[in-house]
Amino acid sequence: MIAELGHFMLCLALAAALIQATVPIWGAKAEHAAAMRVADTAAQVQFFAVASSFAALTYAFVVSDFSMRIVALNSHSMKPLLYKVTGVWANHEGSMLLWVLMLALFGVLIAFFGRVIHTPVRAIVLLVQAWIGVGFYLFLLLTSNPFERLPLPPLDGQGMNPLLQDPGVAFHPPLLYLGYVGFSTAFSFAVAALITGRVDPAWARWMRPWVLVAWSGLTAGIALGSWWAYYELGWGGFWFWDPVENASFMPWLIGTALLHSAIVVEKRNALLKWTILLAILTFSLSLIGTFLVRSGILTSVHAFATDPERGVFILLLLSIAIGGALSLFAWRAPQIEEGGVFALWSRESGLLVNNLLLTVACGIVFIGTLYPLGLELVTGDKITVGAPYFNSAFLPVFGVAMFLAGIGPFLSWKRASKDAVLRRAAKCGGVALFGAVVIAVIAPSVSTAGHIGVFVALFLAIATCQDIGARIGWQKSTLIVAFRRLIGLPRSAWGLYLGHFGLAVAAAGVVTVSVWSHEVILSVQPGAAVQVGPYEFVLQETKNERGANFQTTLAKVDVFNDDELISTLWPERRWYPVEQQPTTEAGIETKWHGDLYAVLGDPDGSGRHVVRYYYNAGVPWMWLGALLMSLAAVISLADRRLRVGAPAVRPKKMPSAQPAE
């Protein structure tokens, strides 16, 4: 009965989405306010229906209803409750149901919190959201029905991929989808702007909070996924430039550009066309990421779908959404008249240059990700584009973008003093260069690129702190006055500074772990000491134990520094009998300066074990930096000015497809 109820509610959500996708457009054309407000009501009904459907599927997993195909294939009665719940989205069908749940959630939030948005614009935004929903509801019901019954239910399930039986999976996919799906709001606002002709600072202010929510979620989701791979897969790394990783990184890059571009529209009524295009591209890349993971063309722990029919369906949805939006942009964009003008040396120009660099960086990742797939499709040849390409092509461009991000706050709106900007940048650059030289002397390395990366990270951090100091006037006022000004800074300003400082911290962590880490892989017997950088790792013993639904070989590894015991690590080698799969659980001790990391491999039959020992310097800074960036967006979102309508503006409008309110 629960499966039938969940399926019915999914069909009801489709019906509500169809109403939301059709009635408001008639209301906008006829200037019928009640018809336009149908979008709000339909969004609420749609969310209630799809939430009920998702709850039904969750209940089926919790009670182990193996008469449902998805539960039988992805769960087991011995699984802990946490992993029964996370099993709901640790598969193709359930993850797509989570996808549409997030889409409906954003729709109902716009209906509730978007009252300041002019009714015709809000109606069209919800209409576009609904059409996206219609496509994915049909995808679920026609190709990926999560409520399919089995004619002969098994006594027990097949379990879930052991790699996904981890607390990180409980949060990584929802946060990632918060970003992926959240950018649909920017897409909908962009299409609504093209249809209604309403492109002005108020429009940017309506859109920017939703971009902040999506960007914050995607930042946290990417970081959590990287952290999960770091401690769960046991290979000591945090990023592999895997196509699935790149699929989430590309919309993050363009979404970052969109976030900054929307500020220019809001503050100066400029870069209107560019901002609309970025909004379309950001969600388009999210759809492309969904296609890569769900089409079956990639083999990954993240890629659940293997049915070509699903890939064709998603490709059709992708073509309609992206092609339709870009065609509308090509038709309507020439009629958009840009507003504010600005000089070459201005914050607008700085943000535009930064946008272009982020777009180029995204293009580099896009080519490296999709070129091998396109080549295989055309010629049948299989090639791999790995870290050497991305490091040599992407990192210089992104490094320049980071450097300019430090200079950006020095620029004033409309026109800036070139000499003043260069003077401030030179002071920060001198301090950063001195710091980089000191670090190079204390911790020498043959990597020139690494030292350049340290300089860029230091420059961004120092420039951010210097701009805070200049803004509160700490040199020209008393400490108490400066502190009061610091506390009184707008939350959006705190978001800017925290985001830039978090990026500097994360970049410092990436550079440090890439340049100054140490790794040793060898076969050892208990009692053997291995030197790893400044630390000595000693495998003391191994023992067999039993967990909730697995068997494990647990190792005790002591870590010494100058003959002083500073840590004990407990790496594991697990075996899941139901799934007939092994997993590796790394033993990790986090210090402020880096991680002590041990991995236990297979025994060689002579009492020895293959072990991998690492000292990963700077790793904690990466996670801290990502956390600061995600938190920065939340703090900016808390700024009341982003929750109220922008001042009434009478911008020059292009001919409207339907009358504005």
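The values are calculated or read from the model by the stated rules, or taken from the named source; none is laboratory data. All values derive from a computational prediction rather than experimental measurement. Every residue, glycine as well, gets a Cβ built from its backbone with ideal geometry; the counts of neighbours run over all protein chains shown.
The table below lists the values:
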item	result
Test: residue in region 342-351 that is surrounded by 18 or more Cβ atoms within 10 Å (Cβ to Cβ), charged (D, E, K, R), farther than 22 Å from residue 250 by Cα and out of contact with any strand residue (DSSP E or B) (no Cβ under 8 Å at 6 or more places or on another chain)	yes
Helices (runs of 4 or more DSSP H) wholly inside region 65-137 containing at least 2 residues that are modelled with pLDDT under 90	81-86
Residue check, residue 122 farther than 23 Å from residue 577 by Cα and of a type in the set (Lys, Arg)	yes
Qualifying residue in region 45-64 (condition: in contact with a helix residue (DSSP H, G or I) (Cβ under 9 Å, 6 or more places away or on another chain), buried (at least 17 other Cβ atoms within 10 Å of the Cβ) and not in a helix (DSSP H, G or I))	yes
Qualifying residue in region 543-553 (condition: of a type outside the set (Asp, Glu), closer than 30 Å to residue 445 by Cα and assigned to a strand (DSSP E or B))	no
Tabulated pairs, region 268-295, first under 16 Å from residue 370 (Cβ atoms), second outside any loop (DSSP other than H, G, I, E, B) and hydroxyl-bearing (Ser, Thr, Tyr), C-beta under 7 angstrom, 6+ apart or interchain	286/180; 289/180; 289/248; 290/180
Residue match in region 305-313 (condition: buried (at least 18 other Cβ atoms within 10 Å of the Cβ), part of a helix (DSSP H, G or I) and at pLDDT 80 or above)	yes
Selection status of residue 435, farther than 20 Å from residue 357 by Cα, free of Cβ contacts under 8 Å to residues at least 40 places away in the same chain and assigned to a helix (DSSP H, G or I)	yes
Positions within region 140-152 being within 20 Å of residue 66 (Cα to Cα) and exposed (fewer than 15 other Cβ atoms within 10 Å of the Cβ), in sequence order	148, 149, 150, 151, 152
Where a residue in region 354-375 is at pLDDT 95 or above and its partner, wherever it lies, is among the polar types (S, T, N, Q) and in a helix (DSSP H, G or I), with Cβ under 6 Å and at least six apart	355/261; 358/256; 365/246
Qualifying residue in region 627-645 (condition: at pLDDT below 90, among the hydrophobic types (A, V, I, L, M, F, W, C) and surrounded by fewer than 16 Cβ atoms within 10 Å (Cβ to Cβ))	yes
Residue 545 vs. criteria touching a Ser or Thr at 6+ places or on another chain (Cβ under 7 Å) and loosely packed, with under 13 Cβ neighbours inside 10 Å	yes
Residue check for residue 135: under 30 Å from residue 272 (Cα atoms) and in the same structural domain as residue 7 (by TED's automatic domain parsing)	yes
Residue match in region 481-491 (condition: surrounded by fewer than 20 Cβ atoms within 10 Å (Cβ to Cβ), among the β-branched types (Val, Ile, Thr), within 33 Å of the chain's Cα centre (by Cα) and part of a helix (DSSP H, G or I))	yes
Residue in region 534-543 that is modelled with pLDDT under 95 and under 24 Å from residue 223 (Cα atoms) present	no
Selection count, region 473-506, where residues are at pLDDT 95 or above and in contact with a Phe, Trp or Tyr (Cβ under 9 Å, 6 or more places away or on another chain)	3
Region 197-220, subset assigned to a helix (DSSP H, G or I) and in contact with a Ser or Thr (Cβ under 6 Å, 6 or more places away or on another chain), residue surrounded by the most Cβ atoms within 10 Å (Cβ to Cβ)	219
Subset of region 354-394 that is outside any loop (DSSP other than H, G, I, E, B) and small (Gly, Ala, Ser) - its residue that is farthest from residue 255 (Cα to Cα)	374
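Yes/no per residue for (1) over 20 Å from residue 136 (Cα atoms); (2) touching a Leu at 6+ places or on another chain (Cβ under 7 Å); (3) assigned by TED's automatic domain parsing to the domain that holds residue 188:
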residue	(1), (2), (3)
9	no, no, no
16	no, no, no
22	no, no, no
29	yes, no, no
39	no, yes, no
44	no, no, no
